[in-house]
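Below is one structure, written out as structure tokens; comments come after it.
The values are calculated or read from the model by the stated rules, or taken from the named source; none is laboratory data. Please read all numbers here as calculations on a predicted model, not as lab measurements. Every residue, glycine among them, receives a Cβ derived from its backbone with ideal geometry; neighbour counts consider all protein chains shown.
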Ligand code: KG4
Ligand code: ZN
């Protein structure tokens, strides 16, 4: 049997539509980024995001279907991210998906954005369980254990800032623009980790994260240098900050894999595009005899192909959503129907 899912993602500042067949074959993957619009404000403005989703979503669905040479009749189900994310932004995608499912008489599938990030890994890899995934995005930093499809156990999470959020805030302090991650990544390439910023591990054995202390250390350093009238080498600040984040992310992921005795490690979310994180994680997983997977760059940041990937497994499990489905700004990984 072939299952074609039309997937819609509007949880933040990307309007995204994809058609994915059998959870693997991406027939089309369209992303309408609002980055240039939000750049002006130095970050995502929620109401502006909702309005752009509203304008963009239907033309993008039309474009996607045309690009894949499909019509709505070819679609077996409609999947949509219904949380976590910006509520006004989510509501646009959820309303459109519900209307389509209703009009077409096809099943509606509600997808958790974070499970989407994890399943971006399944688009191009054959992955075995049990596995551990490090999710690092603008809003999340989590370590997730899975024994089977759709069975998520959260083993660690951030107690304050998410990794991507820390990258964005540091970039803002350095006046590097938005989103900060890719710019810091690039600048760090020509800098040195020579400023001694703290690596925060919390209690021994803890799989939780905390990045606010590191963020304050960087900001204090910038203030002190300014007060003393001393020059700051931005590349070194980026390299020192990035290395402090990356070492903790990698150490805790390896610790998590050891604690759960798993062989398969995945990375997911926008920060998994970071070059330094990828290279250190590669090095350390090889050293520890672990298999490492991460999505291609285009599936690391927000997209709808990843939503279509996880939705396929929900389709097989007949996990269909009711037409009174709502959207939620916060959501646990195991529940798409309520907060
Ligand atoms: O997963 P994503 O597209 O959206 C959320 O669900 O949050 O992640 C966006 C985050 C932003 O904070 C961005 O700065 C960060 O991912 N990011 C990076 C890199 N590319 C994107 N962070 C570090 N290095 C990168 N190369
Ligand atoms: Zn995301």
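Data overview
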quantity	calculated
Flag for residue 269 being touching a residue at least 24 places away in the same chain (Cβ under 8 Å) and outside the structural domain of residue 186 (by TED's automatic domain parsing)	no
Test: residue 194 is in contact (Cβ under 8 Å) with a residue 40 or more places away in the chain and surrounded by fewer than 22 Cβ atoms within 10 Å (Cβ to Cβ)	yes
Matching option when the condition is at pLDDT 95 or above and within 16 Å of ligand 2 (Cβ to nearest atom), among 83, 43, 56	83
Qualifying residue in segment 277-295 (condition: within 11 Å of ligand 1 (Cβ to nearest atom) and assigned to a loop (DSSP other than H, G, I, E, B))	yes
Residue check, residue 272 out of contact with any helix residue (DSSP H, G or I) (no Cβ under 8 Å at 6 or more places or on another chain), within 16 Å of ligand 1 (Cβ to nearest atom) and under 26 Å from residue 178 (Cβ atoms)	no
Helices (runs of 4 or more DSSP H) completely within segment 104-211 that count 2 or more residues being within 16 Å of ligand 2 (Cβ to nearest atom), modelled with pLDDT of 95 or more and not assigned by TED's automatic domain parsing to the domain that holds residue 276	113-119
Selected residue (criterion: surrounded by the most Cβ atoms within 10 Å (Cβ to Cβ)) from residues of segment 11-33 that are within 12 Å of ligand 1 (Cβ to nearest atom) and in a loop (DSSP other than H, G, I, E, B)	11
Yes/no for residue 93 being within 16 Å of ligand 2 (Cβ to nearest atom), within 21 Å of the chain's Cα centre (by Cα), touching a residue at least 60 places away in the same chain (Cβ under 8 Å) and assigned to a helix (DSSP H, G or I)	yes
Qualifying positions in segment 278-303 - within 16 Å of ligand 2 (Cβ to nearest atom) and touching a residue at least 40 places away in the same chain (Cβ under 8 Å)	294, 295, 296, 298, 299, 300, 301, 302, 303
Hey, residue 271 under 12 Å from residue 134 (Cβ atoms), within 16 Å of ligand 2 (Cβ to nearest atom), in a helix (DSSP H, G or I) and modelled with pLDDT of 95 or more or not	yes
Number of the exception - residue 175 against (1) away from ligand 1 (no atom under 16 Å from the Cβ); (2) within 30 Å of residue 222 (Cα to Cα); (3) free of Cβ contacts under 8 Å to residues at least 12 places away in the same chain	(1)
